[in-house]
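Below is one structure, written out as structure tokens; the observations come after it.
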Amino acid sequence: MDEMEDELKCPVCGSFYREPIILPCSHNICLACARNILVQTPDAESPQSSRASGSGISDYDYLDLDKMSLYSEADSGYGSYGGFVSAPTTPCQKSPNGVRVFPPAVPQPASQHHLLPQPACLAPIPRNACLTCPQCHRSLILDERGLRGFPKNRVLEGVVDRYQQSKAAALKCQLCEKSPREATAMCEQCDVFYCEPCRLRCHPPRGPLAKHRLVPPAQGRISRRASPRKISTCTEHELENLSMYCVQCKTPVCYQCLEEGKHGTHEVKALGAMWKLHKGQLSQALNGLSDRATEAKEFLVQLRNTVQHIQENGVEFEACLVAQCDALIDALNRRKAQLLARVNKEHEHKLKVVRDQISHCTVKLRQTTGLMEYCLEVIKENDPSGFLQISDALIRRVLMTESQWGKGTLTPRMTSDFDLTLDSAPLLQTIHQLDFVQMKGTGVPNEVCGRALKSNSSSSSSVPAAPMLQLEECCTENNSATLSWKQPPLSTIAVDGYILELDDGDGGPFREVYVGAETICTVDGLHYNSTYKSRVKAFNGSGVGQYSKTLIMQTSEAGLPPCDMQSIGSVAWFTFDPASAHPDIIFSNDNLTVTCNSYDDRVAMGNTAFSRGVHYWEMTLDRYDNHPDPAFGVARGDVLKDVMLGKDDKAWAMYVDNNRSWFMHNNSHTNRTDGGISKGSTIGVLLDFTRGIIIFLINDEQQGPVAFEGLEGLYYPAISLNRNVQVTLHTGLPIPDFYTPGEVEPNGAMC
């Protein structure tokens, strides 16, 4: 309840609403505060079409009025309208919320602003008075009815009253003789508050008193103060009860309004029916917002755990860094201090990012919870017309608040890991290589040795020599290539790092694929059946050295047919990838077997992507319980991981149950085919880039027609399943005998 308090305070005075009225923009304001922020406008500039009741005001009217400044930029306290300055008015004051307040004609202390007995005691409203909403800053001109043209928000009044009653002091027993104790119950029939001893003594639960109803003190006070529900009357016709609801104007109306023709062409419905409809809509919108609030609470726990992990990892990393730096010579002490400062900076940066996210999320959660509690209190109201006056605005606020908890809001902006590793090996190697140049011969003059030492010192500042590729350690596997190199044995020039370059596998220009101090590198994601050229060069503070010799590497073939039209086996071996899978996926059997710990569909992908050639793999159903519908196919790297494969436009899949199957892409279902799966079934996926198609098989027989066509780009094998399914992957399989990928043209290209 405490988090709802901001919803119950006036934006002008900062206190709880007193006699709140509803502005046409759906915001609320105290009646007395509305009088205090009125501004008088010139007669000539008063639009005749603007009415305070909002019956003839559209959103376009508000947009036009928004363009007219009612206050000068210098906050002089004088009102202006439409570019014409009116007669000077009383200088304005500032409310607790920063809204400019114009005091009434009879000066009153600001603290007694809400203590006025009745609005009738205030000074009359001037002609052509203008009111600006303190929240959305929309402006409007009051008509001859003045503030009486705005409906009172009885629902908000009731919520404020209940809230203030819940905050009141505890009720006392009415039967204690000396110092009354706190009441624990109230008898609705006796209308008496009892403490526990007095209740046992004076109101035993037997005899005639056994039929009396005891309620908590707070509930008893509310029922005692409850008064019969006021019958809502029309603001236009005060003697008429509101009984209908105009859908177009979104306001309750009476029969006289309909007879006068003001809503003759509008759609009008029964007040009670619309009351129930809007209550249902608000309740439905609150369900979604409640889910976001629950996720936010769990997310805050995750962020607080991240703070703890950052603290622990920071201390551990700092200790490791100190241990490494202490192993170096005294000349490195200054560098050690710099590295410590860098770690501390990273530490503070991570903490700041996470704490800022905690603070931001806490504020949003508090606002969301406050709005939820306020809406729940509003739903308890039994005044249909009062509820319908604010229901549209509340529904919009709830939906807008839910949309603000969009994707990415509940995602950590910082990890607890420190991506810093002190690499001291190159520096130690350089220190070990420091030496004097040994001059050949004897009797060399000292000045020659001096020149030799100076020459060696000069040569140490030159660029490194070209590295040597270690061919015995260079290899390719599937669509990955591993390269290894070293500096020439006689080289004494320090090296800061290396630059590895590859071409595009099709004779194109070289591009950098690695920059760093390591002398071995594995490059993934290359095209199958392609020839790549690679080279490497070293660099230091003086510049970049020469390239090594160029090495030509051939990636693995992937089911391309030879010239005699006989298909060959695919050599594309891969497993499921834990790094890219949904956290609910469970891996075993060296990442070849997967299942799930959730009843919802979760996605796992292979650790190898395909863009060329013909590929075939199979999956065996190790477990199939309760007839679920797993999906098999291919996907882009950014496919959704928490829905069935094929629900978005990043996946192409076949989902199948025990009786039939469908093809699905971008949530579109096609080609229903009879024939399902069971425990022990084998599902095959044939991906042919030569024709850009996918074909699915069940137990070595093609399931349906060609599933998808026109596939181009980079695709990963993928599957979606839940806890009722366990699948084992089989790769490196030959292409099925029934399938011929295409014909070979004279130049050797695939058709």
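The values are calculated or read from the model by the stated rules, or taken from the named source; none is laboratory data. The shown structure was predicted, so the numbers you read here are calculated from the model rather than taken from an experiment. Heads up, the Cβs are rebuilt from the backbone with ideal geometry, glycines too, and the neighbour counts pull from every protein chain shown. Surface areas here come from the heavy atoms of the whole protein model, side chains and all, with no ligands, DNA or RNA. Shrake-Rupley method; radii C 1.70, N 1.55, O 1.52, S 1.80 Å.
Tabulate in residue order the Karplus-calculated ³J(HN,Hα) for region 584-590, using 6.51 cos²θ - 1.76 cosθ + 1.60 with θ = phi - 60°, rounded to whole Hz; enter x for Gly and Pro.
So the J values, rounded to whole Hz, are 7, 6, 10, 10, 7, 6, 6.
Starting with the highest mean, order 627-640, 655-668, 265-278 by the number of other Cβ atoms within 10 Å, averaged over the residues of each peptide.
Order by mean packing, descending: 627-640, 655-668, 265-278.
If amide H atoms are built 1.01 Å from N in the plane of the peptide, which residues on other chains or at least 5 residues away come under 5 Å of the amide H of T233?
Answer set, sorted by chain and number: L242.
Provide the solvent-accessible area of C30, counting protein heavy atoms only and rolling a 1.4 Å probe, rounded to the nearest 10 Å².
For C30, the solvent-accessible surface is approximately 0 Å².
For T415, what accessible surface area do you get with a 1.4 Å probe? Give it in Å², rounded to 10.
Taking all protein chains as shown, T415 has close to 80 Å².
For E348 and E298, FRET efficiency with R0 = 25 Å and r from the beta-carbon atoms, rounded to 0.05?
So, using R0 = 25 Å, E works out to roughly 0.40.
Using a Förster distance of 22 angstrom, determine the FRET efficiency expected from the C-beta separation of D356 and E312, and round it to 0.05.
The value I calculate is 0.60.
Just to check I understand the Karplus step: with θ = phi - 60° and J = 6.51 cos²θ - 1.76 cosθ + 1.60, what whole-Hz values come out for region 491-504, glycine and proline as x?
With coefficients 6.51, -1.76 and 1.60, one gets 6, 10, 8, 5, 10, 8, x, 9, 10, 9, 10, 10, 8, 8 Hz.
For Y547, tell me the accessible area in Å² from a 1.4 Å probe, rounded to the nearest 10.
My reading of the accessible area for Y547 is about 80 Å².
Ignoring ligands, DNA and RNA, what accessible area per residue does region 248-360 give at 1.4 Å, in Å²?
Ligands and nucleic acids excluded, the result is 61 Å² per residue.
Sort 337-344, 505-512, 280-287, 580-587 by the packing proxy (mean of other Cβ within 10 Å over each peptide's residues), most packed first.
580-587, 280-287, 337-344, 505-512
Once you have the alpha carbon radius of gyration of region 279-418, what is it after dividing by 2.2 N^0.38 Å, with N set to its residue count?
With N residues counted in region 279-418, Rg over 2.2 N^0.38 Å equals 1.63.
Contour minus end-to-end for V515 and E177, with contour as 0.36 nm per residue of separation and end-to-end as the Cα-Cα distance?
My answer for the length gained is 112.8 nm.
Roughly to the nearest percent, how much of the accessible area of region 598-702 is carbon and sulfur, given a 1.4 Å probe?
Carbon with sulfur: 36 percent of the solvent-accessible area.
Before I look further, what does region 532-681 give for accessible area per residue, probe 1.4 Å, in whole square angstrom?
So region 532-681 comes to 44 Å² accessible per residue, rounded to a whole number.
Under a 1.4 angstrom probe, counting protein chains only, how are H669, H203, H212 ranked by accessible area, largest first?
Per-residue accessible area, sorted high to low, gives H669, H212, H203.
Heavy atoms only, probe 1.4 angstrom, no DNA, RNA or ligands counted: give me D700, D577 ranked by accessible area, highest first.
Ranked from most to least accessible, the order is D700, D577.
Would you mind checking which residues have amide H under 5 Å from A185's amide H? H placed 1.01 Å from N; only 5 or more apart, or other chain.
Amide H to amide H, under 5 Å and 5 or more residues apart or across chains, A185 pairs with Y194.
Let's see if you can work this out: charge +1 on each Lys and Arg Cβ, -1 on each Asp and Glu Cβ, no other charges. What is the dipole magnitude of region 616-713 about its Cα centre, in debye to the nearest 20?
Here the size comes out at about 120 debye.
Under 5 Å between amide hydrogens, which residues at least 5 positions from F708 or on another chain qualify, with H placed 1.01 Å from N in the peptide plane?
Amide H neighbours of F708, under 5 Å, 5+ apart: I694.
How far apart, in nm, are the 7 Å Cα→Cβ label points at V544 and S424?
Result for the modelled spin labels: 3.2 nm.
In sequence order, what are the phi-derived ³J(HN,Hα) couplings for region 723-736 according to the Karplus relation 6.51 cos²θ - 1.76 cosθ + 1.60 with θ = phi - 60°, rounded to whole Hz, with x for glycine and proline?
Coupling constants for region 723-736: 6, 8, 10, 10, 10, 10, 8, 10, 10, x, 9, x, 5, x Hz.
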